[in-house]
Amino acid sequence: MRTSTRHCLVSIAAGGLLATTAACGGASADSGKEADRITPTVITSAASGKLDEITWNLPMGEPTTLDPAKVGDYSPSTVEANLCDSLLRLKPDYSYGPGLAKSWTAPDPRTLILNLRPDITFWDGKPMTADDVVHSLTRQQDPKSGSISTALFANVSSIAKSGPLQVTVRFSKPDELFLKLLSTEVGAVSQKAYATKAGKNYGQVAGGLMCTGPFKLDSWKSGQSITITRNPAYWDPTLQPKADKVVFKFITDGNTLSSALLSGQIDGSYEVPLQTMRAVAGSQTGNRHYGIATQSVTLLVASDKSPLADKRLTDALSLVLDRSAIIKNVFGGLASAEKTFIPPAVWQSSQAHKTYRQGFDALPDVPAVDVAAAKKLVAEADPARRTLVVATPAGDQMSMQILTFLQAGAKEIGLDLQIKQMQMVDYSNLFYVPTGRAGIDLMIAFGYIEVPDPLSYAPAFVAPGGLFNWSGYSDPQVTKLLEEAQSTLDPVRSAKLFNQAQARYTATHPVVSVAAPYERMFMNKRISGAPASFAYINIPWAAMIGGTGR
Amino acid sequence: MSRFLLTRVAGLVIILAVASVAIYGSMLLAPGDPATLLVGGGKPPNPELIASIHREYHLDDPFAVRYWRWLTGVLQGDFGPSLAYRDSVNHLLAERISNTLTLVGYASAIILLVGITLGTAGALRGGRFETSATAISAGAMAVPTFVIGALLAYVFGVRLSWFAPSGSGSGISGAFRYLTLPAVALAFSWIGYVAQITRTSVRAELRSEHVETADSRGIPRPGVIRRHVLRNASGPIFAVSGIAIAGLTATTAVVEKAFGISGIGALLVDAAAKQDLATVQAISLIMVASFVVLNTLVDLVTALLDPRVLKGRPS
């Protein structure tokens, strides 16, 4: 659900070239100085050797589901992306193209026609039809199926088969975002007969899956591992798996993961904790990779009653937040400062990337630390209360360190910031249960954006009733511009409307963007080819890995 | 004897009943709605989904109703559904319990073998050997389990590659490769404890009158040690070993987390963080039960070794 930025991303966007990681693979992340030389990349060097088995780790723990209608987190998505193909295919540079749908047309702004590939079979050999696609999309739309994506179908009025290999989606109002959603798990296709029979067990340990992806679900041993095996009849010649099977492990402890990577017991992992990245530095076993990412760290105002709902105060906090110190000390240099919560990686491969770039460049720069200016803002705002509570997940070192920096800065301007560590469930409640936010002024959130479109994210922050809009922010002009942008199918015109909205809310919306961490990945030297970018979360990345012969 | 057993079994049932109410109640008192962990990332929540999770897991029912539903399930051998793992608790436990049992069994064997050998040898040989044995065992008692775990994994798992630094395997060779380091880490501090008690009891017996008498009557030394010293010292040694093994069931969570072993201890830690009531309840009760049963067994065997214990009881 969130973002990232950096000038080095531009070259990748403009040229569409896929840099190899040779430059950063062996680089050290241990000092800010060396980290300055690290440029996040898109993909690792290709490798084509056959492999019997790859062991991969999921540092966020065991998935709770693999059902495409229910996955919405790191671990489930990382596995599911290799199993269930989507109608559109996301690429490591965040561009997208045909997937299970070979083409699509919009005969009018409220109609989307998807033409399906004729040569697709499920793992059991049965052909994929329009019925399967209609059923899969309807499951995503139907609140009763337990789908977590229902809200994304707000503008969809009907989903129907219009030919043996054709599906027509109609909209109550035009929606430029919907097509791009189909490149994520929202557009994943499951076999109707299988999913119906499995019912609510679909995608669970008990129910299994039936999709068309390059790997099939072989076994899921609760608590132990998930094994996926090569689909020998896979349709896409460019994504034929080179590994016969991939075994996923669920090591969440950073030290344990370091040992497992160093000993070669685990071949690789995305989202490697920074402590582990440091521990494996200089290892002969494998290489560290840093990728472009749409992840970001943001400080969200938790209530419209909080003094922080006054933008002058969040601006004051932003002015005393020493981002360069945070990036150096908390992220080991492996992050960039953020000037808005939508990072360029989100739109850099869009057809309208030049327009988005203009809008982005026109935004005010990340502020340098300026205590005097911050003090002035606090004096102007003259808050009724100067003791503020900021929430963080208990045991999260990175968040704690960032907030300690913020606390020190706030003290200089007369604000007393109290850090409240919250257990997993309480912290999760902050997002979904209004009473859970009682007594909280600010919260730190690590998030990511899946869809390569700013409109998949911005409304959550600035539209009335948006998922992260608890400060009561409401600007009818911004709301109108964002709605218009989403209803405009022409990419450049849509981007222009978004730019206007972005310029407006950036000036008035109370929020503090902190940093955008790079994707951190490790691979044993015997394998290569995986995407380095965070886009992996919606790509059959394991099919890209091959043996290096080392 | 049967009366002794009967009171112990009754005690066990009462302890389990009280513990189950206490654990169930305390989890319910914890604030927060665990259903929000399932609604998914940064997407706007589907209110129907949260409501259906509440219905499915009866999250809004009163305490008494939920407890009664849980209790009737348990009495039929069903620990209920896990909210956080979307699986049955029985299945979650079945997949993990053998790892925990093997680990605890392996660690127990190490504790008994090393602890008793070290303590006995120290007491019998005396002098510098005894001093160093005491120092080593005192040191072992002081090292926290997670520290020794990380150290062992690094030295023997990563540098020397003798054992796997994490994970779990199957079969005897799997247990040896994957569970040796965790078992040693788990046993480490208890080894010191058992060694110290063994040394003290053996020492005390060596100085006792009947041993001195046996010595003065010219009975060969090995016979004296076997029949008089070790036999009489075995009571306290057995008692402390029993406590050590019972204690392992509680500390296994630390080692399972540190070595990435999928056991019920690691599951307990994760489930507690996710407020997964049914899972926490089931594992806590298994741990309470095994603790009580092991202690009862220790009492029983101690009584068999020394009938005075049984006769001395008012019951």
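The values are calculated or read from the model by the stated rules, or taken from the named source; none is laboratory data. Because the structure is predicted, anything quoted here is derived from the model rather than measured. Here the Cβ is made from the backbone with ideal geometry for all residues, glycine too, and neighbour counts use every protein chain on show. Accessible surface areas use protein heavy atoms only, side chains included; no ligands, DNA or RNA. Shrake-Rupley method; radii C 1.70, N 1.55, O 1.52, S 1.80 Å.
Strands (runs of 3 or more DSSP E) fully within region A:217-323 that include at least 3 residues being closer than 30 Å to A:ALA345 by Cα: A:243-249, A:286-291, A:295-301.
Restricting attention to region B:86-140, the residues being farther than 16 Å from B:ALA195 by Cα, open to solvent by less than 30 Å² (accessible area, probe 1.4 Å) and more than 18 Å from the chain's Cα centre (by Cα) number 3. Counted as qualifying within region B:65-182 are the helices (runs of 4 or more DSSP H) with 1 or more residues that are within 14 Å of chain A (Cβ to nearest Cβ) and in contact with a Pro (Cβ under 9 Å, 6 or more places away or on another chain), namely B:89-110, B:145-152.
Residues in region A:365-405 that are at positive phi and not acidic (Asp, Glu): 1 in all. Quick check on my filter: what residues within region B:165-183 are at pLDDT 80 or above and among the small types (Gly, Ala, Ser)? Across region B:165-183, the qualifying residue is only B:ALA183.
Can you find even one residue in region A:384-396 that is away from chain B (no Cβ under 14 Å) and assigned to a helix (DSSP H, G or I)? So far as region A:384-396 goes, no, none of its residues is away from chain B (no Cβ under 14 Å) and assigned to a helix (DSSP H, G or I). Given the structure, is A:THR196 away from every other protein chain (no Cβ under 14 Å), of a type in the set (Ser, Thr, Tyr) and more than 28 Å from B:LEU268 (Cβ to Cβ)? Yes: the conditions hold for A:THR196.
Among the criteria (1) in a strand (DSSP E or B); (2) of a type outside the set (A, V, I, L, M, F, W, C); (3) away from chain B (no Cβ under 13 Å); (4) over 20 Å from A:ILE449 (Cβ atoms), the one A:ARG89 does not fulfil is (4).
One residue stands out among those in region B:141-174 that are open to solvent by 50 Å² or more (accessible area, probe 1.4 Å) and of a type in the set (Phe, Trp, Tyr): the one that is farthest from A:ALA279 (Cα to Cα), which is B:TRP162.
Among the candidates B:GLY80, B:GLY11, B:GLY25, single out the residue that is outside the structural domain of B:SER290 (by TED's automatic domain parsing) and on the phi > 0 side of the Ramachandran plot. The unique qualifying residue is B:GLY80.
Test A:ALA293 against the criterion of being crowded, with 24+ Cβ neighbours inside 10 Å and either more than 23 Å from B:LEU151 (Cβ to Cβ) or in contact with a helix residue (DSSP H, G or I) (Cβ under 7 Å, 6 or more places away or on another chain) (or both), and give yes or no. The answer is yes for A:ALA293. Evaluated against (1) open to solvent by 30 Å² or more (accessible area, probe 1.4 Å); (2) of a type outside the set (Asp, Glu); (3) within 14 Å of another protein chain (Cβ to nearest Cβ), B:THR7 falls short on exactly one condition, (3). Of all residues in region A:519-550, those that are assigned to a loop (DSSP other than H, G, I, E, B) and open to solvent by 10 Å² or more (accessible area, probe 1.4 Å) total 5. Of the residues that sit in region A:375-398 and are of a type in the set (Gly, Ala, Ser) and touching a residue at least 60 places away in the same chain (Cβ under 8 Å), which one is surrounded by the most Cβ atoms within 10 Å (Cβ to Cβ)? Here the answer is A:ALA391. Within region A:428-450, identify whether any single residue is open to solvent by 10 Å² or more (accessible area, probe 1.4 Å), at pLDDT 90 or above and part of a helix (DSSP H, G or I), and answer yes or no. Checked against the condition, which is being open to solvent by 10 Å² or more (accessible area, probe 1.4 Å), at pLDDT 90 or above and part of a helix (DSSP H, G or I), region A:428-450 yields no hits at all. Tallying residues that are of a type outside the set (Phe, Trp, Tyr) and not in a helix (DSSP H, G or I) within region A:483-518 yields 12. As for region A:164-179, it holds no residue that is open to solvent by less than 40 Å² (accessible area, probe 1.4 Å), within 14 Å of chain B (Cβ to nearest Cβ) and either closer than 15 Å to A:VAL71 by Cβ or among the acidic types (Asp, Glu) (or both).
Of A:GLY32, A:GLY61, A:GLY99, all but one fail to be at pLDDT below 90, open to solvent by less than 20 Å² (accessible area, probe 1.4 Å) and more than 13 Å from chain B (Cβ to nearest Cβ); the exception is A:GLY32.
One residue stands out in region A:168-185 among those that are assigned to a strand (DSSP E or B) and touching a residue at least 60 places away in the same chain (Cβ under 8 Å): the one that is nearest to A:PRO107 (Cα to Cα), namely A:ARG170. When A:LEU152 is tested against the conditions (1) within 14 Å of chain B (Cβ to nearest Cβ); (2) surrounded by 24 or more Cβ atoms within 10 Å (Cβ to Cβ); (3) not β-branched (Val, Ile, Thr), the lone failure is (2).
The set of residues in region A:241-265 that are at pLDDT 95 or above and within 14 Å of chain B (Cβ to nearest Cβ) comprises A:VAL247, A:PHE248. Please work out if A:VAL246 is open to solvent by less than 60 Å² (accessible area, probe 1.4 Å), in contact with a helix residue (DSSP H, G or I) (Cβ under 7 Å, 6 or more places away or on another chain) and more than 30 Å from A:MET398 (Cα to Cα). Considered against the rule, which asks whether it is open to solvent by less than 60 Å² (accessible area, probe 1.4 Å), in contact with a helix residue (DSSP H, G or I) (Cβ under 7 Å, 6 or more places away or on another chain) and more than 30 Å from A:MET398 (Cα to Cα), A:VAL246 comes out as yes.
The number of residues in region B:39-60 that are closer than 18 Å to A:ALA460 by Cβ and either more than 7 Å from every other protein chain (Cβ to nearest Cβ) or modelled with pLDDT of 70 or more (or both) comes to 5.
Residues are listed down the side, and each one gets a yes or a no for (1) touching a residue at least 60 places away in the same chain (Cβ under 8 Å); (2) open to solvent by less than 40 Å² (accessible area, probe 1.4 Å); (3) within 14 Å of chain A (Cβ to nearest Cβ); (4) over 11 Å from the mean Cα position of the chain (by Cα):
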{"site": "B:ILE243", "(1), (2), (3), (4)": "no, no, no, no"}
{"site": "B:LEU277", "(1), (2), (3), (4)": "yes, yes, yes, yes"}
{"site": "B:LEU285", "(1), (2), (3), (4)": "yes, yes, no, yes"}
{"site": "B:SER290", "(1), (2), (3), (4)": "no, yes, no, no"}
{"site": "B:THR302", "(1), (2), (3), (4)": "yes, yes, no, yes"}
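Might you check whether a residue that is open to solvent by 40 Å² or more (accessible area, probe 1.4 Å), at pLDDT 80 or above and over 11 Å from B:ALA140 (Cα atoms) occurs anywhere in region B:187-194? No: region B:187-194 contains no residue that is open to solvent by 40 Å² or more (accessible area, probe 1.4 Å), at pLDDT 80 or above and over 11 Å from B:ALA140 (Cα atoms).
Considering only residues in region A:102-148 that are within 14 Å of another protein chain (Cβ to nearest Cβ) and touching a strand residue (DSSP E or B) at 6+ places or on another chain (Cβ under 9 Å), the one that is surrounded by the fewest Cβ atoms within 10 Å (Cβ to Cβ) turns out to be A:GLN141. Selection of region A:446-471 for residues being more than 12 Å from chain B (Cβ to nearest Cβ) and over 17 Å from A:TYR356 (Cα atoms) yields A:VAL462, A:PRO464, A:TRP470, A:SER471.
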